[in-house]
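Structure, as structure tokens:
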Amino acid sequence: MSKMLNNFLADDQLSKAQIQQLIELAIKIKNNPADYSQTLAGKSVAMIFEKPSLRTHVSFDMGIAKLGGHSLYLGQQNGKLGERERVSDYAKNLSCYADAIVARVFENSAIEGLAEHASVPVVNALCDLYHPCQALADFITLTEKFSDLSKVKLAYVGDGNNVSNSLMLMAATLGVDFTLVCPQGYGPSEEMINKTQTLASESGATFTFTSNIDAIGSQDAIYTDTWVSMGDEDASKKVTILEVFTPYQVNHELMAKAGASVVMHCQPAHLEEEITTALFDDENYSVVFQEAENRMWGQAAVLVSLLNPALAT
Ligand code: NVA
């Protein structure tokens, strides 16, 4: 059995065994939700959202209800975390009532602050650096598509952001070969690259980082995300972004070139920018709604593991 989960904050804090256990549990809950319908009975989850959300909000709320728990949505009415009251006080107050805290925040330091000061588990529901709930849903989806993750080749094409960071860290931990293709100047930080390389060399996976879209090589799945993330919008940069990123658009031509059979996107998609409408809607390739559904089962597995670990195996 893998080491017990205390929080779910960043992909590189999870071992291969922990991620594999979460994937297995998510698929078990998905196949037999009735068996887990009381696993969070009597438990309350506070959900803080500093940024907008559709999938994360709904999948947590409905997933928690399916496990017999209760969730409370705390939107932006309290302003940015740490402004009206300290992050530490926020964490300590919520710990008086809630059994877990789910938070979508602007800065990773707020997630870390919550985890440091809360006496209950904290789940990162997206920050500037990571989106681990999404990466978990994506590897559940890839397991469903390909069974043996160790044989899968996954490429991410586009902006180096929270989603690509989480994907490459989780891929490297799981032993999945990963190619990251970002325009020059839009890749991840040195620190993130180094962390990924270290994890990949431990698991035996390959990690390739390039800005040459022609070097994408042969892939099973291609992933993309919006060219501008929430909080980074700047209308004056829109023209430059479109110019720089257009050669990196994920479309049928790129899929054919890489021989890829699956296209992935965390959504919301900016259709005709990072991905064509035709490919996004093409059910022969697109698994975007399977990923969206698996958000709920992945997060259910995380919450069961945090709050009722005896039932997590
Ligand atoms: N990179 C995107 C992901 C949205 C789910 C963002 O942070 O806006």
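The values are calculated or read from the model by the stated rules, or taken from the named source; none is laboratory data. The structure presented is a predicted model; accordingly, all values stated were derived computationally and were not measured. In this analysis, Cβ positions are derived from the backbone assuming ideal geometry, glycine residues included, and neighbour counts consider all displayed protein chains.
Structure summary
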| read-out | value |
| --- | --- |
| Set Ser150, Ser164: member being outside any strand (DSSP E or B) and over 15 Å from the mean Cα position of the chain (by Cα) | Ser150 |
| Some residue of region 11-19 being within 16 Å of the ligand (Cβ to nearest atom) and either outside any helix (DSSP H, G or I) or under 26 Å from Tyr97 (Cα atoms) (or both) | no |
| Check on Ala269, among the aliphatic types (A, V, I, L, M) and in a loop (DSSP other than H, G, I, E, B) | yes |
| Qualifying residue in region 123-130 (condition: in a loop (DSSP other than H, G, I, E, B), more than 16 Å from the ligand (Cβ to nearest atom) and out of contact with any Leu (no Cβ under 7 Å at 6 or more places or on another chain)) | no |
| Yes/no for Gly187 being in contact (Cβ under 8 Å) with a residue 12 or more places away in the chain, under 19 Å from the mean Cα position of the chain (by Cα), within 16 Å of the ligand (Cβ to nearest atom) and on the phi > 0 side of the Ramachandran plot | no |
| Looking only at region 209-266, and only at residues there that are part of a helix (DSSP H, G or I) and of a type in the set (Gly, Ala, Ser), the one that is nearest to the ligand (Cβ to nearest atom) | Ala235 |
| Matching option when the condition is over 13 Å from the mean Cα position of the chain (by Cα) and without any contact (Cβ under 8 Å) to a residue 40 or more places away in the chain, among Gly158, Gly113 | Gly113 |
| Test: residue in region 257-268 that is at pLDDT 95 or above, touching an Asp or Glu at 6+ places or on another chain (Cβ under 9 Å) and at positive phi | yes |
| Residues of region 109-159 satisfying the condition of being hydroxyl-bearing (Ser, Thr, Tyr) and surrounded by 18 or more Cβ atoms within 10 Å (Cβ to Cβ) | Tyr130, Thr141, Thr143, Tyr156 |
| Residues being among the charged types (D, E, K, R) and part of a helix (DSSP H, G or I) - total across region 107-122 | 2 |
| Among (1) buried (at least 24 other Cβ atoms within 10 Å of the Cβ); (2) without any contact (Cβ under 8 Å) to a residue 40 or more places away in the chain, the one test that Gln197 misses | (1) |
| Selection count where residues are more than 21 Å from Val45 (Cβ to Cβ) and at pLDDT below 95, scope region 1-25 | 3 |
| Top-ranked residue of region 20-60 - restricted to ones that are within 16 Å of the ligand (Cβ to nearest atom) and aromatic (Phe, Trp, Tyr), ranked as surrounded by the fewest Cβ atoms within 10 Å (Cβ to Cβ) | Phe49 |
| Residues satisfying the stated conditions in region 174-184, i.e. in a loop (DSSP other than H, G, I, E, B), closer than 29 Å to Thr240 by Cβ and free of Cβ contacts under 8 Å to residues at least 40 places away in the same chain | Gln184 |
| Test set (1) within 16 Å of the ligand (Cβ to nearest atom); (2) within 13 Å of the chain's Cα centre (by Cα); (3) hydrophobic (A, V, I, L, M, F, W, C) - Val105 fails condition number | (2) |
| Boolean, Met296 is under 30 Å from Ser2 (Cα atoms) and at pLDDT 95 or above | yes |
| Evaluation of Glu283 against (1) among the acidic types (Asp, Glu); (2) in contact with a strand residue (DSSP E or B) (Cβ under 9 Å, 6 or more places away or on another chain); (3) not in a helix (DSSP H, G or I) (one fails), failing number | (2) |
| Residue match in region 91-108 (condition: touching a residue at least 40 places away in the same chain (Cβ under 8 Å), closer than 16 Å to Pro132 by Cβ and surrounded by fewer than 18 Cβ atoms within 10 Å (Cβ to Cβ)) | yes |
| Residues of region 131-172 classified as more than 15 Å from the ligand (Cβ to nearest atom), in contact with a helix residue (DSSP H, G or I) (Cβ under 9 Å, 6 or more places away or on another chain) and among the small types (Gly, Ala, Ser), total | 4 |
